[in-house]
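Quick notes on the structure that follows.
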């Protein structure tokens, strides 16, 4: 893919913080600049992610498309990743392969210069009578990128350019970024959920044998 340089592009995409706001949750904060020095010049660009999942689950049907892209002459579909039951619930236990930095709305405008990426847990099975002792895990492979509608092709995979990612220490991170989700038995009466990204793990979230979150 050829990216022309006569207009501004996102640059200096870097991590500014990583926190554990609650058990089973991690949040990464990011900032970026414009190659022109003025974030307002990024009005024709979007930044977001491309994620695929593997492990304890299965790819589901198409869930929709990135609506914000339609005005640019491009339609990018997203799909559901269906999690196993147990330990996850039968209703709503799906992960949409779309941008968690904006929930269901798609890729976001880049003129604001900062955003958060929060990783959390799916709903557990409230009707379970007990979970197995073997760990249940699935993994996400994540890439951050951007698209500027004035200079890029419309057909995947050439519709976005990969952003160089620098972590909180200023080191360049190699893609793809692995996001690990693990549900495992902690004791005879409780199980725990942990999500990890870039070796930064959440505090354990504990649930009982019926899928109820424990204090």
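The values are calculated or read from the model by the stated rules, or taken from the named source; none is laboratory data. Predicted model, so just to flag it, every value in this text is computed and none were measured. Because the Cβ atoms are built from the backbone with ideal geometry, glycine has one as well, and the counts that use them run over all protein chains shown.
Enumerate the strands (runs of 3 or more DSSP E) found wholly within region 23-104, keeping only those where 1 or more residues are closer than 15 Å to residue 147 by Cβ, at pLDDT 80 or above and under 13 Å from the mean Cα position of the chain (by Cα). Walk me through it before giving the result.
Working: elements: 25-34, 45-55, 57-65, 77-83, 94-96.
Filter on region 23-104 gives 45-55.
If you scan region 15-32, which residues turn out to be surrounded by 18 or more Cβ atoms within 10 Å (Cβ to Cβ) and farther than 17 Å from residue 120 by Cα?
15, 30, 32
Would you check which residues across region 197-212 are surrounded by fewer than 18 Cβ atoms within 10 Å (Cβ to Cβ), in contact (Cβ under 8 Å) with a residue 60 or more places away in the chain and not in a loop (DSSP other than H, G, I, E, B) and list them?
First, the residues of region 197-212 that are surrounded by fewer than 18 Cβ atoms within 10 Å (Cβ to Cβ): 198-201, 203-204, 208-210, 212.
Still in the running and in contact (Cβ under 8 Å) with a residue 60 or more places away in the chain: 198, 200-201, 203-204, 209-210, 212.
Correct list: 200, 201.
For (1) at pLDDT 85 or above; (2) part of a loop (DSSP other than H, G, I, E, B); (3) in contact with a strand residue (DSSP E or B) (Cβ under 8 Å, 6 or more places away or on another chain), each residue gets a yes or a no:
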| residue | (1), (2), (3) |
| --- | --- |
| 140 | yes, no, yes |
| 147 | no, no, yes |
| 150 | no, yes, no |
| 157 | no, yes, no |
| 164 | yes, yes, yes |
| 169 | yes, yes, no |
| 179 | yes, no, yes |
| 182 | yes, no, yes |
| 193 | yes, no, yes |
